[in-house]
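Colleague: Pasting a structure here, questions to come.
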Amino acid sequence: MKFLVIPAMLAVAALGLAGCGGEGRGPMALPGTATPSAAATPSNPCPPPVVPEPDTRSVTALPAGAVGVRLCSLAYARSTLAPEDELTTGVDRLVTQFNGAEGVDFVSMVPCPVDLGPSYAMVFRYPDGRVVTVSSMLAGCHTVGGKFGGQELLDTFVALLAEQRQATPPKPVELRTCEGPEGSWMPVALGDLVTISRCARFGEDGDRVRTASADQWATLHADLIRSAGSGNYPDSPGKAVRFEAADALGQPVTLSRFGDTVVVHNERVGSRTPPTIWKPSPEALAILDQLGR
C-alpha cells in the first residue's frame, strides 16, 4: 500500500517554522518535488533553499547523457552541509536507478503521516548546459520527483561520490567550526578529522568558540580513534556540552558530551546507523574540560 503526505500536517509544520524569523515562508511542498531547467549552468550551482520548495512532481524520467550531479540541501536541511564537489563518475547509474524506480500516483495514494525531515536536491547536468533537478524529503514516503526511492537514490549518490573522492581527492577548505551546518550528507571517517572546537551556547559568558591546539588535538584524536565504537545514548544524559570536529573538507561532526561519555554524530544525514560512542581517557577528559564544560 502506498501513502501520500497529509497536506494539512505539512501546512501546520510550515506555519510553525514561519514564526522562527524566516521571511517569505509559505506552506511546505510535498516531499519528492522536482524542477527542470533549461538554463546554461556550467558550474552546476545548487538551487536556493527557499520555502515553498518547487513542486514539479511530473518529472518521472531523466534524459540520458548526464555528465555531472550535484547534491544540494534544500530549505528544511540548512543545517546539513552539501558536498562542494560534483559527481562526474557513474552518473548514468543514478539516471538508470531513478528511471527504473516505481512511479507515484499522487492522486490515489493513501495519506501517510510525516514530520519535517532533511530535504535534498540532485542537480543533473547535461553537456549542452541544461540541468534537471529532482528533490526529496527524507520523511514520509521518501518520494523523489515523481518516483519512490528517495533514500535509495541518496545512498547510491553517496557511495559513488565516496569512490570518486578516493580516486581524486578534493582540495581542502578553510576550516570554520561552530559557524555553519552541524551535519553532513556525506559520512565522515574519524581518522579524517583534523580539528575540534567547543561550541558555546548562545548567551554563555566567555568565548563562543574554543578550538583545540595542535597538541591537544593530537591527544584527543588518538584517544578518539582508540576508544570510540558503536553504541547507544547514555541513560538520563542530561544537558549536553557541544563540540564540533571537522575533516579537511570542512565536513562537520557534532559531538555531545554527557559527563564522561561523548556521542559522536559522524554518521551521514539520512543514514540509519547508530551513533558512535566515545569514552575518553582521563587525559582526554581533562583537555575537553579545558576547552569548556
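The values are calculated or read from the model by the stated rules, or taken from the named source; none is laboratory data. Note that the structure is a prediction, hence the values are computed from the model and not measured. Note that we place each Cβ from the backbone using ideal geometry, even for glycine, and neighbour counts take in every protein chain shown. Each accessible area value is taken on the protein alone, full model and side chains, heavy atoms only, with ligands, DNA and RNA left out. Shrake-Rupley method; radii C 1.70, N 1.55, O 1.52, S 1.80 Å.
Colleague: Just the Cα atoms of region 136-265, one point each, no solvent: what log10 I(q)/I(0) does Debye give at q = 0.12, 0.15 Å⁻¹?
Modeller: Reported log10 I(q)/I(0), two decimals: -0.59, -0.88.
Colleague: Which of the chymotrypsin sites (Phe, Trp or Tyr not before Pro) found in region 136-228 are in a DSSP loop and have at most 15 neighbouring Cβ atoms, other than their own, within 10 Å?
Modeller: Taking region 136-228 and a limit of 15 other Cβ atoms within 10 Å, the loop chymotrypsin sites (Phe, Trp or Tyr not before Pro) found are Phe202.
Colleague: Please give, to one decimal in nm, the separation of the simple spin-label points placed at Ala248 and Glu152, each 7 Å out from Cα toward the Cβ.
Modeller: The answer from the label model is 3.6 nm.
Colleague: Using 7 Å Cα-to-Cβ label points, what is the Val67/Met109 separation (nm, one decimal)?
Modeller: 3.4
Colleague: Just in region 133-229: which GluC sites (Glu not before Pro) are loop by DSSP and have at most 10 other Cβ atoms within 10 Å?
Modeller: Glu174, Glu204
Colleague: While we're looking at this one, here's another question. If you roll a 1.4 angstrom probe over the protein chains with everything in place, what fraction of the accessible area of region 68-157 belongs to carbon and sulfur, to the nearest %?
Modeller: About 51 percent, which is the carbon plus sulfur part of the accessible surface.
Colleague: May I pose another question? Can you give the FRET efficiency for Glu102 and Asn232, using 1/(1 + (r/R0)^6), R0 = 30 Å, r = Cβ-Cβ distance, to the nearest 0.05?
Modeller: For R0 = 30 Å, the calculated efficiency reads 0.30.
Colleague: Work out, step by step, the length gained on full extension between Glu174 and Ser213: first 0.36 nm times the residue separation, then minus their alpha carbon distance; give nm to one decimal.
Modeller: 12.4 nm
Colleague: Averaged per residue, what accessible area in Å² does region 117-261 show with a 1.4 Å probe, protein chains only?
Modeller: I get 45 Å² per residue for region 117-261.
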